[in-house]
1. Label Ala81 and Asp26 with points 7 Å out from Cα along Cα→Cβ: what is the distance between them in nm?
2. How much of the accessible area of the chain, in percent, comes from carbon and sulfur atoms when a 1.4 Å probe is used?
3. Please find the FRET efficiency linking Arg122 to Ala259, where r is the Cβ-Cβ separation and R0 is fixed at 41 Å, and quote it to the nearest 0.05.
4. Could you calculate the FRET efficiency of His73 with Lys146 from 1/(1 + (r/R0)^6), where r is the beta carbon distance between them and R0 is 41 Å, rounded to 0.05?
5. Full-extension gain between Ser365 and Val277, please, as 0.36 nm times their residue separation minus the C-alpha to C-alpha distance.
6. Kindly report the accessible area of the chain per residue (heavy atoms of protein chains, probe 1.4 Å, no ligands, DNA or RNA), in Å².
7. With r defined as the distance between the Cβ atoms of Ala398 and Leu373 and R0 fixed at 35 Å, what FRET efficiency is calculated, to the nearest 0.05?
8. Kindly count the pairs of lysines across the chain whose alpha carbons are less than 30 Å apart, treating pairs on different chains or eight or more residues apart as eligible.
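The values are calculated or read from the model by the stated rules, or taken from the named source; none is laboratory data. Computed from a prediction, not measured in an experiment: that's the story for all the values here. FYI the Cβ positions are ideal-geometry reconstructions off the backbone, even for glycines, and counts take in every protein chain you see. The area values use the complete protein model at the heavy-atom level, side chains included, leaving out ligands, DNA and RNA. Shrake-Rupley method; radii C 1.70, N 1.55, O 1.52, S 1.80 Å.
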Amino acid sequence: MAVNILGLNHRTAPVALREKVAFTEDRLVAALRALRQEQGVAEVLILSTCNRTEVYWAGSASGNELSEWLVRHHDVGLDLASNLYVHQEQQAVEHAFTVASGLDSMVLGETQILGQLKDAYRVAQESGSTGPHLNKLFQAAFATAKRIRSQTLIGANSVSLASATVSLARRVYADLSAHTALMIGAGDMIALTARHFATAGVKRMVIANRTLSRAQALAEELKGHAIDLQNLDQELAQADIVISCTASPTALISKAAAAAALRARRRRPIFMVDLAVPRDIEPEVADLEDIYLFSIDDLQQLVQEHRQQREAAAGGARRLIGEEVARYLGEVRAKEAGPAIRALRQQADTIRQQTLDAAQRMLLSGKSPDEALEYLAKTLTNRLLHAPIQALRQASEAGDSANNTPIATDPDERNRQ
């Protein structure tokens, strides 16, 4: 049974179109059940994220039929032909493995998609819409993603400003949990960076902002402490990590304030990152010993280096995917060949028994053992080789060197029929 994929993603469709065909979690099970009612859909799974909507199915239904269903289901009344892609058989397996490994993501090598794919698989399993074909495909996809993570550097380096900031901080402090982080600002960039530091293990987080209520909202989420900017100098002396990103037209941390904080800390180092434009931290602060100051340009350069390293690792990851696809298809084909192999063995056993019976009758009729053995050997050879010889002749006449011709019946059996 063929495995197929129909989908669109961030490369083929803008967000305005992707959101029209997305599946919310509460609608996903109903959509799976509806798809199972479609002719030619024996098994199905839907992956729906902010960057892609993909339908994986096993069955005879065509990509056009699934495309029409997608339009009907969402009632969008749009022509999606130019935005959709369809993968079948080997291409479908390659795509599934590539998606699971993060090589088809907007951020190359990211791991979030693997978790999303596992969630989609769990929902499909629980709704009863998967079967042996999709089960095998996704178990192999998850195993491939794990192998790529362990054998390549595809996910070793950060490729976002927030995660790169955490990586830089770890160069100064190996154990982030033992240090205090001061976040200056309460906008999206600071919120994202603060969440990354919380995930990395920072226990004490202080949020400083001009509007105290916004600082309090973020601090409550992160179980931190909120202050207004008037208390910034006091907290600066307590902070091991300082991340700033505000819209202030003037610097919030001067060289003098940073020097005072160092004295109060008895020269214990401070790691600082200024993500603001214009800058929140005077550039001269970098001249102070025991302060490690990085600008947004420093981080952008680091992120670019990490992207290049991931691109280099992606080549090795794609080679591993090629190996895993070949392994998967080999196992599938071996399983599909099982009935034919059993039929061939049964046919050979029948020929053997018939020929043996004939040889025994020869002996009973008075023929010599040599004559019986000669008949047995020659007849077995002719009958067992007849089918493959006929298949090779037919393949040669058709100009096909690969033998896909079904095994012919034994000529003696045809005569008896």
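1. 3.6 nm
2. Using a 1.4 Å probe with all protein chains present, the chain comes out at 50 percent carbon and sulfur.
3. Computed FRET efficiency for Arg122 and Ala259: 0.15.
4. Efficiency computed from Cβ-Cβ geometry: 0.80.
5. So the extension gain works out to 21.1 nm.
6. That works out to 53 Å² for each residue.
7. So, using R0 = 35 Å, E works out to roughly 0.35.
8. 11
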